[in-house]
Amino acid sequence: MTKKPFFISTAISYPNGAPHIGHAYEMMATDAMARFKRLDGYDVFFLTGTDEHGQKMQQTAEKLGMTAAELADRNAPVFEKMAKALNCSNDDFIRTSQARHYESSKAIWKAMEASGDIYLDSYAGWYSVRDEAFYAENETEKREDGVRYGPQGSPVEWTEEESYFFRLSKYQDKLIELYEGQPDFMGPSERRNEVMSFVKGGLRDLSISRTTFDWGIPVPGTDNHVMYVWVDALTNYITALGYPNVDGDKFQNYWSNATHIIGKDIIRFHAVYWPAFLMSAGIPLPKRVYAHGFLFNRGEKMSKSVGNVIDPFGLIEEYGLDQTRFFFMREVPFGQDGNYSHDAIVNRTNADLANDLGNLASRSLAMIAKNCDNALPAPGTYSSEDLAMLAQADAMLEKCQDFMDKQLIHKALETIWDTVGECNKYFAAQEPWALRKNDPERMKTVLYVTAEIIRQVGILAQPFIPDSAAKLLDLFALNANKRDFSALGAGNRLAPGTPIEKPSPVFPRYVEKLE
Ligand code: ME8
């Protein structure tokens, strides 16, 4: 049977500085979604990369006394290294400075031009270099400091130059039709409402080329225009699938089911401009765009420009990779803003991972090793408590599938950890250590049921904490083909007789360092 395709992407980051935790957050969450779909039987293509053109890159490079290309060459590898450090399973890493991307961006430009959607005029208006965005006058405000700011709180400057325009206004009704006809096109609902009111408020044509600097992809047929960075940036998603070769396997297969994961500050580009460009170029649209929230360190927004960046490599080193992944995905409702702090990370690490799952696995498997000759016992007749416990574990997959289809990562993790919590209660209430003397057969059943719950939790936890979940599954010496989601549920219960050793701890506790 051929597998169903699934394409998923992160935004591509500006490599004008080192990656920060916001970039890491988006990568790990998108990785969890990619891994989830792979384990659920999909043929997945997961894309991430760097967005290297534009005025922001050029200005930063000038300040540093280097060229934008040199700056990109210095920083893009750090983003790639971060993807590896986060154990991201991306299938490609695109850099918009690559030749394949020049070809693809020129092709989409020509396709939009052929539809009669591009014309030459001149732009006079506000531009934010930090956001790489044009804003209407009524979206900006002049504050007491005399500086004018855009809607994201970054300064804007007056720009006047000859520019090509895209007939965005022509797509207003088609976009509203899209949002209404395909309510799942974007989420969460706060962002959907924001985009709907922006589009309903009236769309003006969009300036899509720049002439006052040259760090960009040349506009075909001109010698002084480079493409507005967002035209080429958005096109990265299809470049990686082989565009302009729309008949190729990659494009045919993966673009038919595409999801973009982005931050909330760039929803307008993905839910307004991108579908309009695609409609104009005669290319099918992605299925879904989902915007996550912003991360705040003790309530403060982090950004390269503000300078309060927390280094993701440092977090991984301090707390551990899976602990870092787990914390952000379990703690922050995906789609909303979130806070993090040392105490919150330590708390999740020690409570959810080391205590609830780690201790449960060590205690139950150590009891099996010691009292059942290092082999999983066969269960006897199940009590109603056993059946309820097994039923809860068997029901996890469907709930998680449903949540992950809506990008509600935290709800999927909550479902899994509710089962872990319930299993701890079950284990404590059944008291297998007491049964050892007075009802050893019953003890075997309780230990068997507990091991079976740990198996299912281990399988479902893989997308989120891949290394630790693999170690958990290693305790049952499960073959690779017994680790995907088709092995979940009642049909694939652990085989009695499976060798079980006394486990070494899978989830170390975080111990505070002495000052
Ligand atoms: O926007 N918390 O690049 P970028 C959570 N190149 N997410 C954050 C964040 C924070 N504090 N700060 C940034 C760009 N992000 C463009 C994208 S896509 C065709 C082009 C997210 O480096 C941000 O919302 O500024 C975006 O999704 C991603 O990190 C890259 O941000």
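The values are calculated or read from the model by the stated rules, or taken from the named source; none is laboratory data. Owing to the predicted nature of the structure, the values given are computational and were not obtained by experimental measurement. Note: ideal-geometry Cβ built from the backbone for every residue, glycine included; neighbour counts use all protein chains shown.
Points to keep in mind about this one:
- Look at (1) closer than 30 Å to Thr48 by Cβ; (2) more than 16 Å from the ligand (Cβ to nearest atom); (3) within 30 Å of the chain's Cα centre (by Cα); (4) assigned by the TED database to the domain that holds Arg288 and you find that Asp214 fails only one, number (3).
- Test: residue in region 254-263 that is of a type in the set (Ser, Thr, Tyr), more than 8 Å from the ligand (Cβ to nearest atom) and in a helix (DSSP H, G or I): yes
- Figure legend. Inter-residue proximity from region 275-302: first residues under 23 Å from Lys406 (Cα atoms) and surrounded by fewer than 18 Cβ atoms within 10 Å (Cβ to Cβ), second residues modelled with pLDDT of 90 or more and polar (S, T, N, Q), beta-carbon distance below 9 Å, spacing 6+ or different chains. Indicated pairs: Pro284/Ser256; Leu285/Gln182; Lys287/Gln182; Lys287/Ser256; Lys287/Asn257; Lys287/Thr259.
- Positions within region 54-69 being outside any helix (DSSP H, G or I) and either modelled with pLDDT under 95 or surrounded by 16 or more Cβ atoms within 10 Å (Cβ to Cβ) (or both), in sequence order: Gly54
- Verdict on Tyr237 being touching a Pro at 6+ places or on another chain (Cβ under 7 Å), assigned by the TED database to the domain that holds Met66, closer than 30 Å to Pro333 by Cα and not β-branched (Val, Ile, Thr): no
- Inside region 176-203, residues that are assigned to a loop (DSSP other than H, G, I, E, B) and touching a Leu at 6+ places or on another chain (Cβ under 7 Å) make up a count of 1.
- Residues located in region 264-294, provided they are more than 10 Å from the ligand (Cβ to nearest atom) and of a type in the set (Val, Ile, Thr): Val272, Ile283, Val289
- Search result, residues across region 79-97 that are of a type in the set (A, V, I, L, M) and touching a Pro at 6+ places or on another chain (Cβ under 6 Å): Met82
- Residue that is nearest to the chain's Cα centre (by Cα), among those in region 217-253 that are of a type in the set (S, T, N, Q) and outside any loop (DSSP other than H, G, I, E, B): Asn236
- Looking only at region 316-364, residues that are of a type in the set (Asp, Glu) and either modelled with pLDDT under 95 or in a strand (DSSP E or B) (or both) come to 3 in all.
Quick grid of which residues meet (1) of a type in the set (A, V, I, L, M); (2) in contact with a Leu (Cβ under 8 Å, 6 or more places away or on another chain); (3) under 14 Å from Ser209 (Cβ atoms):
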site: Ile94; (1), (2), (3): yes, yes, no
site: Lys106; (1), (2), (3): no, no, yes
site: Ser122; (1), (2), (3): no, no, yes
site: Trp126; (1), (2), (3): no, no, no
site: Glu139; (1), (2), (3): no, no, no
site: Lys174; (1), (2), (3): no, no, no
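- Checked against the criterion of being over 30 Å from Asp337 (Cα atoms) and of a type in the set (Lys, Arg), region 376-399 contains not a single residue that satisfies it.
- Options Ile12, Ile8; residue that is within 25 Å of Asp337 (Cα to Cα), more than 11 Å from the ligand (Cβ to nearest atom) and not hydroxyl-bearing (Ser, Thr, Tyr): Ile8
- Long-range neighbours under 7 Å by Cβ, at least six apart or interchain, first residue under 13 Å from Ala29 (Cβ atoms) within region 394-419, second crowded, with 23+ Cβ neighbours inside 10 Å and among the hydroxyl-bearing types (Ser, Thr, Tyr): Gln407/Tyr290
- Subset of region 30-53 that is part of a helix (DSSP H, G or I) and closer than 13 Å to Asn90 by Cβ - its residue that is farthest from the ligand (Cβ to nearest atom): Arg38
- Total residues in region 127-164, condition hydroxyl-bearing (Ser, Thr, Tyr), part of a strand (DSSP E or B) and under 17 Å from Asn16 (Cβ atoms): 2
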